[in-house]
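See below for the structure under consideration.
The values are calculated or read from the model by the stated rules, or taken from the named source; none is laboratory data. Treat the numbers as computed from the prediction; the structure is a model and nothing was measured. Here the Cβ positions follow ideal geometry from the backbone for every residue, glycine too, while neighbour counts run over all protein chains shown. Surface areas here come from the heavy atoms of the whole protein model, side chains and all, with no ligands, DNA or RNA. Shrake-Rupley method; radii C 1.70, N 1.55, O 1.52, S 1.80 Å.
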Amino acid sequence: MTTFLLVHGAWHSGRSWDRVVPLLEAAGHRVFAPSLTGYGDKAHLLRPEVGLETHVDDVVGLIEHERLDDVVLVGHSYSGLVISSVANRVPERIAHLVYLDAMVPEDGETAVDVMPMSKQLVDLAVDGWRVPPLPELPPPLGLFGVTDPDDVAWLRSMLSDQPVRCLTESVRLDNPAVKAIPRTHIHCVAGRPEGITRRPVPPGERVRELPTGHDCMITMPAELTGLLLEVA
């Protein structure tokens, strides 16, 4: 049995994994899919002080409270930064890092450094500290790559504003033990918005692709589960 810890991206909540969790559990694995502070059942905690370190605390706290070991830590989108910093803090608890169409930072970088277009979001923040969810675009882009009307409606029901501090706080990757943790990168290769770039994957790190948009956990849950089970 493998322990999967699935960390949602910006604006989303733990509910975004609802189609993947039962598939992993049916394969005999233990799965956690929490909502980070400011999202889902924690949306009432949204405030200017919430940032990247808040979300790192959320995940590290869960790992320590549940006494989790040998964790396959999956980070979607923005949470590539979150899982990187979590691994820096508790590398002995992490068996594998999965970057799911995610930002992959270097030490000291922010989301704006990794994806410069994020600066536009910071500049458009409401009240100077929160960024509303991105608008739906015509197919094939849709809403985070989701185009089915029912799925779009379901996705909208879980979205919250994103605190600017999440995009401007720096990742800490100063623990040498992090480099020993295996990595898999899953790239969603359809319906990619203009201006979104992806850094080259370092040699020796596993790369997989899904022919769908950004929110593959909604659009291709079975196929995503199959890729996650490769590292179980």
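Structure notes:
- Accessible surface calculations at 1.4 Å, restricted to protein heavy atoms, place the chain at 44 Å² per residue.
- Highest mean packing first, where packing is the average number of other Cβ atoms within 10 Å per residue, the peptides 126-133, 185-192 line up as 185-192, 126-133.
- Rounded to 5, the percent of DSSP beta bridges in the chain classed as antiparallel: 20 percent
- When all alpha carbon pairs of the chain are counted in 10 Å bins from zero, the resulting P(r) reads 8, 35, 41, 15, 1 %.
- Net charge of neighbours whose Cβ lies under 14 Å from the Cβ of Thr147, counting Lys and Arg as +1 and Asp and Glu as -1: -3
- Debye log10 I(q)/I(0) at q = 0.18, 0.23, 0.28, 0.32 Å⁻¹ for segment 83-130, Cα point scatterers: -0.70, -0.89, -1.04, -1.15
- Cβ-based net charge around Ala27, under 15 Å, with every Lys or Arg adding one and every Asp or Glu removing one: -1
- Difference of contour (0.36 nm per residue) and Cα-Cα distance, Arg30 to Glu230: 70.5 nm
- Protein heavy-atom surface of the chain, 1.4 angstrom probe: 52% of the accessible area is carbon and sulfur, with nucleic acids and ligands not counted.
- Distance between modelled label sites at Ser170 and Leu124, nm, 7 Å Cα→Cβ extension: 2.8 nm
- Size of segment 22-135 as Cα extents on the principal axes (Å, biggest first): 44, 31, 25
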